[in-house]
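I have placed the structure first, in the form of structure tokens, so that the comments after it can refer back to it.
The values are calculated or read from the model by the stated rules, or taken from the named source; none is laboratory data. On a predicted model such as this, the values are computed, not experimentally measured, just so you know. As a convention, Cβ positions derive from the backbone with ideal geometry for all residues, glycine included, and neighbour counts pool all protein chains shown. For the accessible areas, the whole protein counts, side chains as well, though only heavy atoms, and no ligand, DNA or RNA atoms are used. Shrake-Rupley method; radii C 1.70, N 1.55, O 1.52, S 1.80 Å.
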Amino acid sequence: VADYSGSVVLEMPIAEAAYVAWQWRTDRTFRVQSVAPETESFQPYVEVSLDVMIDTEGRLRPLEEVRAALNQDPRTRWSAYIVGCVYIMYHAYNKAALLDNDTRLGERGANILLESDVPLGAGVSSSAAIEVATMHALSEASGIHPSDLTLAAWCQKVENHLVGAPCGIMDQVTSALGAEGMLLALRCQPHHLLGNYRIPRGWRFVGIDSRVKHSVGGSAYTKARVGAFMGLKVIQLESGGKLLENYLCQMKPDEFAKYREMIPDTLTGTEYRALYGQLPDIVTRVDLAETYHPRLCAEHPILENDRVLKFMAVLRYLEECELNGEPTDDPAILWEVGQLMYAAHASYSDRLNLGSPETDFLVHLVKKRGAESGLFGAKITGGGAGGTVAVLCLDTPTAEQALQDLCTEYQRHTQVTPHLFLGSSPGALSFGTRYIERGG
């Protein structure tokens, strides 16, 4: 959640993945097929004319017009994640810039096949996985190869501008550039890679899906983001010009403390507009009828950034320990980083109102079993308001059994069977592309 405020983040790619196959067509039609089964709310086959996005003269349609067209039917709006990649890439590389690149972009349609085993609404970046897989396939098919971070940024634009979800960039970068079994460190200002961190020997990260659906397009997530930018605007005005490049996380906790009480605890959209004017965020808008909590929403990313930096300092220390042949499973160190995770989880609920009873219960179950069972920390992940809880534990049979017992108790209490995310896999750019030809 703190990525839109410029926080440093740590993410490990999960084992589940999305795959996209791309085949050009000679007409101006995109035939998009998902292997997921049809349901009452999901139509797995969609046809979209290129004319919806680009006219026959090669001119882009207005963004708002394209977004409305792609999102008009709830059963097929998922296709915006796919064909939206064409719009964003063409916007960056129009005909004047294509030069020797494949001119089929902006002139032809395509057959597109999607397969993904990343669960929807589980807080594990299902949308970013689809966007990155599509943009990567399109990049190879069109001969347009942006830098790695540019590709991730284009995917974020698809979600922000064509899907209409105000996500940050961390999930797209990790889906594209993540390394198997490692924590990718990223400073989201806007996207500065800090490298990959090896998970210390004896540690393990496991995800527990609460099976409560979440969405970064949901009202609670949007309110939290708007509230954070409201707080930023107050600081910019009260400080006499401390713009912070529009990133709250350029401010340390002790500096924020000087301005904290200047930020209103509660503010309606109408009051904000009258007192402070426009929001310093190009992705969201202030709802004049909504009530926001800018002080707490601004405080969360600053404290979250500080927690992540402390977590990274521990990782660096333990890496030195490994190099020197010293143990890395010191319970005191595990307890310390576990407390950072618990504090992050509490902040989701207490400051941002992005908790849920089910994810709170999962964290409670981890705490109840505790260090003696090999479980040290837990926090809600993704956009909050449901989804997955990330757990830090030892890689031991005792911890494995504790996780299984925890899942059993959760199922007995909620009548819902949780799903465990185990293992990891490489990001799309490391995985690469494959060419498939028909016939002999």
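List every residue pair whose Cβ atoms sit under 6 Å apart, with the two residues 6 or more apart in sequence or on different chains, where the first one lies in the stretch 396-423 and is in contact (Cβ under 8 Å) with a residue 40 or more places away in the chain and the second, anywhere, is among the small types (Gly, Ala, Ser) and not in a loop (DSSP other than H, G, I, E, B).
421/207
For every residue, the table says whether it meets (1) open to solvent by 60 Å² or more (accessible area, probe 1.4 Å); (2) free of Cβ contacts under 8 Å to residues at least 24 places away in the same chain; (3) in contact with an Asp or Glu (Cβ under 8 Å, 6 or more places away or on another chain); (4) of a type in the set (Ser, Thr, Tyr).
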residue: 31; (1), (2), (3), (4): yes, no, yes, no
residue: 38; (1), (2), (3), (4): yes, yes, no, no
residue: 59; (1), (2), (3), (4): yes, yes, no, no
residue: 67; (1), (2), (3), (4): yes, no, no, no
residue: 83; (1), (2), (3), (4): no, no, no, no
residue: 92; (1), (2), (3), (4): no, no, no, no
residue: 124; (1), (2), (3), (4): no, no, yes, no
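Is the stretch 272-291 home to any residue that is in a loop (DSSP other than H, G, I, E, B), open to solvent by 70 Å² or more (accessible area, probe 1.4 Å) and in contact with a strand residue (DSSP E or B) (Cβ under 8 Å, 6 or more places away or on another chain)?
From the stretch 272-291, those in a loop (DSSP other than H, G, I, E, B) are 277-290; that's our starting set.
Narrowing the set further to residues that are open to solvent by 70 Å² or more (accessible area, probe 1.4 Å) leaves 278, 282, 285, 287-289.
Then keep just the ones that are in contact with a strand residue (DSSP E or B) (Cβ under 8 Å, 6 or more places away or on another chain); that gives 288-289.
Checked the stretch 272-291: at least one residue is in a loop (DSSP other than H, G, I, E, B), open to solvent by 70 Å² or more (accessible area, probe 1.4 Å) and in contact with a strand residue (DSSP E or B) (Cβ under 8 Å, 6 or more places away or on another chain).
State all residues of the stretch 299-317 that are farther than 28 Å from residue 220 by Cα and either among the small types (Gly, Ala, Ser) or out of contact with any helix residue (DSSP H, G or I) (no Cβ under 7 Å at 6 or more places or on another chain) (or both); if no residue qualifies, say none.
Within the stretch 299-317, 312, 313, 315, 316, 317 qualify.
Does residue 152 satisfy the condition of being in contact with a His (Cβ under 7 Å, 6 or more places away or on another chain), open to solvent by less than 30 Å² (accessible area, probe 1.4 Å) and touching a residue at least 12 places away in the same chain (Cβ under 8 Å)? Steps first, answer last, please.
On the way: in contact with a His (Cβ under 7 Å, 6 or more places away or on another chain): yes; open to solvent by less than 30 Å² (accessible area, probe 1.4 Å): yes; touching a residue at least 12 places away in the same chain (Cβ under 8 Å): yes.
Considered against the rule, which asks whether it is in contact with a His (Cβ under 7 Å, 6 or more places away or on another chain), open to solvent by less than 30 Å² (accessible area, probe 1.4 Å) and touching a residue at least 12 places away in the same chain (Cβ under 8 Å), residue 152 comes out as yes.
With respect to residue 212, is the statement that it is modelled with pLDDT under 95, of a type outside the set (Lys, Arg) and either closer than 30 Å to residue 275 by Cα or surrounded by fewer than 22 Cβ atoms within 10 Å (Cβ to Cβ) (or both) true? Before you say what the answer is, go through the steps one by one.
On the way: modelled with pLDDT under 95: yes; of a type outside the set (Lys, Arg): yes; either closer than 30 Å to residue 275 by Cα or surrounded by fewer than 22 Cβ atoms within 10 Å (Cβ to Cβ) (or both): yes.
For residue 212, the condition - modelled with pLDDT under 95, of a type outside the set (Lys, Arg) and either closer than 30 Å to residue 275 by Cα or surrounded by fewer than 22 Cβ atoms within 10 Å (Cβ to Cβ) (or both) - is met.
Residues 317, 221: which one is open to solvent by less than 40 Å² (accessible area, probe 1.4 Å) and either without any contact (Cβ under 8 Å) to a residue 60 or more places away in the chain or touching a Gly at 6+ places or on another chain (Cβ under 9 Å) (or both)?
Numbers: 317 fails: open to solvent by less than 40 Å² (accessible area, probe 1.4 Å).
Result of the check over 317, 221: 221.
Looking at the stretch 111-216, what helices (runs of 4 or more DSSP H) fall wholly within it and have at least 1 residues that are in contact with a Cys (Cβ under 6 Å, 6 or more places away or on another chain)?
On the way: elements: 126-142, 148-157, 170-177.
Hits in the stretch 111-216: 126-142, 170-177.
Take the residues in the stretch 400-440 that are under 24 Å from residue 372 (Cβ atoms) and over 28 Å from the mean Cα position of the chain (by Cα); name whichever of them is least open to solvent (accessible area, probe 1.4 Å).
Here the residue is 402.
How many residues are more than 11 Å from the chain's Cα centre (by Cα), buried (at least 23 other Cβ atoms within 10 Å of the Cβ) and of a type in the set (Gly, Ala, Ser) when one looks only at the stretch 155-176?
1
Return a yes/no flag: does the stretch 11-34 have any residue that is more than 24 Å from the chain's Cα centre (by Cα) and among the small types (Gly, Ala, Ser).
No, the stretch 11-34 contains no residue that is more than 24 Å from the chain's Cα centre (by Cα) and among the small types (Gly, Ala, Ser).
If you scan the stretch 368-393, which residues turn out to be modelled with pLDDT of 95 or more, open to solvent by 10 Å² or more (accessible area, probe 1.4 Å) and under 26 Å from the mean Cα position of the chain (by Cα)?
376, 379, 390
Just to be sure, is residue 397 modelled with pLDDT of 95 or more, within 22 Å of residue 15 (Cβ to Cβ) and not small (Gly, Ala, Ser)?
Numbers: modelled with pLDDT of 95 or more: yes; within 22 Å of residue 15 (Cβ to Cβ): yes; not small (Gly, Ala, Ser): yes.
Answer is yes for this residue.
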